[in-house]
Amino acid sequence: MRILVVGKGGREHALVRALVESPGTPEVFCFPGSDAIFELAQPVAAEGLESLIEWMKSNAIDLCVAGEESYLVKGEGLANLCEKNGIPCWGPPKESAQLEASKEFAKEFLVRNSIPTAHATATDTLEEAVAVIGGEYPTVLKFDGLAAGKGVAVCPDETSALEFLDEVFTKRRFGSGRVLVEQCLTGPEVSVFAAIIDDQYLIFTPARDYKRAGDGDVGPNTGGMGAVASRQLVSQDILEVIEKQIVQQTVAGLRCESLPYRGFLYFGIMLTPTGPQVIEYNCRFGDPECQAVMPLVRGDLAGFCLAGANGVLNKDLISFDDGWSVCVILASAGYPETSRNGDRISGIDKITNARVYHSGTRATSEGNWETNGGRVLAVVSGGGTREEAVIKAHAAVDFIQFDGLQRRRDIGILNFD
Ligand code: AMP
Ligand code: GLY
């Protein structure tokens, strides 16, 4: 089997590794990929979506796996182009990927399909947003488009709300678009991933990510400073509610609204005092949740995704380890406001008790690794208990050094005491 993975970060490094390790040793390619990914997968000579499709056709690719969301909504859409050219694709077409690309589309879908979610109103101007907020704080403001994780502000007061609205409507930081004013929910968050194949689904191991830059959940929001994954993260009762009220309702909604879906769907969920509610959909696996979840997947992920892309849910091909997995992100100097490239990384080769996925690194001509992005590495360890996974992951991180290294020391610990 010949598989192409689309993306270049730590999530794709973890996906590529899980696919390469699948039985039958599939041949894996990656676009655009990274130096670390190319130690496992082969690079692709293509520029842009159209030439990528041509490349897949002339290289007899059996399966395209969408790691990253942007290609799903670019141009005609990765999955749409694959379908047109007869290439099975694990990832949804553009019309369905609006669930991630447009928060307003997602909110309307949730409401139409009676899926529990926070109340929200779309606004077109700063004045309108202020009027809708009506002086009620805290409030949540969401830019209606892809904004690389920066498009949401939880505002405790008017000053922070005006600051965000000014960025969106006056400075047009994310381009043109509306803002949803949303009711602020409270409670622990959980990321639930399902493989959706038309009207069928399989729920993967739930995870939780740590979005704030600093220990104790302080500091600015980031793409994620770490994650913890386990079946035991959510009680059986709550998982049943999530499955019935959220996952099944979503699958039924997609069907009823003629939105085709074959791929991973990420449900960002808040466990509020009145029950689980959806705060967002993403049409892909989470990053860094993927790095935590993939080591818990047993069996034939490649076969599972290929069958799925062809419309068959084959639950027997994979299973999930019962234990815990902890993923600690190492970020570069300045992250998340900026990032610094070119800092020499040492110590990766000393790690024996953990997996290291590369989020933003490059290889130097002398064969060393250096930083090349905000999030640099993800160090992941597993264990039968959370405590074991925590100790192993944090101990492994201690081997790694580079100038300006930032990490959290409470990943897998905070919110469990
Ligand atoms: P999103 O990009 O939609 O996942 O939002 C980023 C983060 O903002 C979420 O992980 C939550 O921590 C927070 N958030 C989003 N929506 C709400 C809400 N309605 N109430 C409280 N917090 C929220
Ligand atoms: N970890 C959050 C995300 O992947 O969007």
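The values are calculated or read from the model by the stated rules, or taken from the named source; none is laboratory data. Everything numeric in this text was worked out from a predicted model, so none of it was measured. Cβ: placed from backbone, ideal geometry, glycine included. Neighbour counts: every protein chain shown. We work out accessible area using only protein heavy atoms, side chains counted, and drop any ligands, DNA or RNA first. Shrake-Rupley method; radii C 1.70, N 1.55, O 1.52, S 1.80 Å.
Considering segment 150-162, the residues that are within 10 Å of ligand 1 (Cβ to nearest atom) and not in a strand (DSSP E or B) include one that is surrounded by the fewest Cβ atoms within 10 Å (Cβ to Cβ), namely Lys150. I'd like to know if segment 177-191 contains one or more residues that are surrounded by 15 or more Cβ atoms within 10 Å (Cβ to Cβ), more than 12 Å from ligand 1 (Cβ to nearest atom), more than 22 Å from Ala147 (Cβ to Cβ) and in contact (Cβ under 8 Å) with a residue 40 or more places away in the chain. No, every residue in segment 177-191 fails to be surrounded by 15 or more Cβ atoms within 10 Å (Cβ to Cβ), more than 12 Å from ligand 1 (Cβ to nearest atom), more than 22 Å from Ala147 (Cβ to Cβ) and in contact (Cβ under 8 Å) with a residue 40 or more places away in the chain.
Just one of the numbered conditions (1) among the aromatic types (Phe, Trp, Tyr); (2) open to solvent by 30 Å² or more (accessible area, probe 1.4 Å); (3) touching an Asp or Glu at 6+ places or on another chain (Cβ under 8 Å) is not true of Phe105: (3).
When segment 114-131 is filtered for residues that are crowded, with 18+ Cβ neighbours inside 10 Å and either in contact with a Phe, Trp or Tyr (Cβ under 7 Å, 6 or more places away or on another chain) or farther than 21 Å from Val278 by Cα (or both), only Ala129 remains. Taking first residues from segment 238-251 that are modelled with pLDDT of 95 or more and partners that are open to solvent by 60 Å² or more (accessible area, probe 1.4 Å) and assigned to a helix (DSSP H, G or I), the Cβ contacts under 9 Å between residues at least 6 apart in sequence or on separate chains come to Leu239/Arg231.
As a summary of the residue check, Ala147 satisfies the conditions (1) more than 15 Å from ligand 2 (Cβ to nearest atom); (2) open to solvent by 10 Å² or more (accessible area, probe 1.4 Å); (3) not in a strand (DSSP E or B) except for the one numbered (1).
Among the residues of segment 4-36, those that are closer than 18 Å to Thr371 by Cα, open to solvent by 10 Å² or more (accessible area, probe 1.4 Å) and not hydroxyl-bearing (Ser, Thr, Tyr) comprise Lys8, Gly9, Arg11, His13, Pro32, Gly33, Asp35. Is it the case that some residue within segment 313-330 is more than 14 Å from ligand 2 (Cβ to nearest atom) and more than 28 Å from Ala354 (Cα to Cα)? Yes - at least one qualifying residue is present in segment 313-330. One residue alone among Ala378, Ala396 is in a strand (DSSP E or B) and of a type outside the set (Val, Ile, Thr), and that residue is Ala378.
Filtering segment 399-414 down to residues that are under 11 Å from Arg344 (Cα atoms) and part of a loop (DSSP other than H, G, I, E, B), which residue is most open to solvent (accessible area, probe 1.4 Å)? Per the criteria, the residue is Asp403. Within segment 270-293, being within 13 Å of ligand 1 (Cβ to nearest atom) and in a helix (DSSP H, G or I) holds for one residue alone: Glu289. The set of residues in segment 205-226 being closer than 30 Å to Ala307 by Cα, within 14 Å of ligand 2 (Cβ to nearest atom) and either of a type in the set (Lys, Arg) or open to solvent by less than 10 Å² (accessible area, probe 1.4 Å) (or both) consists of Pro206, Ala207, Arg208. Scanning segment 337-380 for residues that are more than 19 Å from the chain's Cα centre (by Cα), within 20 Å of Ala229 (Cα to Cα) and modelled with pLDDT of 95 or more gives a single hit, Ala354.
Contact map, segment 309-323: residues that are more than 21 Å from Gln232 (Cβ to Cβ) paired with residues that are open to solvent by 50 Å² or more (accessible area, probe 1.4 Å) and not small (Gly, Ala, Ser), Cβ distance under 6 Å, separation 6+ or inter-chain. Pairs shown: Ala309/Arg262; Leu313/Gln200. Within segment 313-325, at least one residue is in contact with a Gly (Cβ under 6 Å, 6 or more places away or on another chain) and crowded, with 24+ Cβ neighbours inside 10 Å.
Evaluation of Arg298 against the conditions (1) more than 16 Å from ligand 1 (Cβ to nearest atom); (2) assigned to a loop (DSSP other than H, G, I, E, B) shows that the sole unmet condition is (2). When you look at Val111, is it open to solvent by 10 Å² or more (accessible area, probe 1.4 Å) and within 16 Å of ligand 2 (Cβ to nearest atom), yes or no? So Val111 does not fit the description; no.
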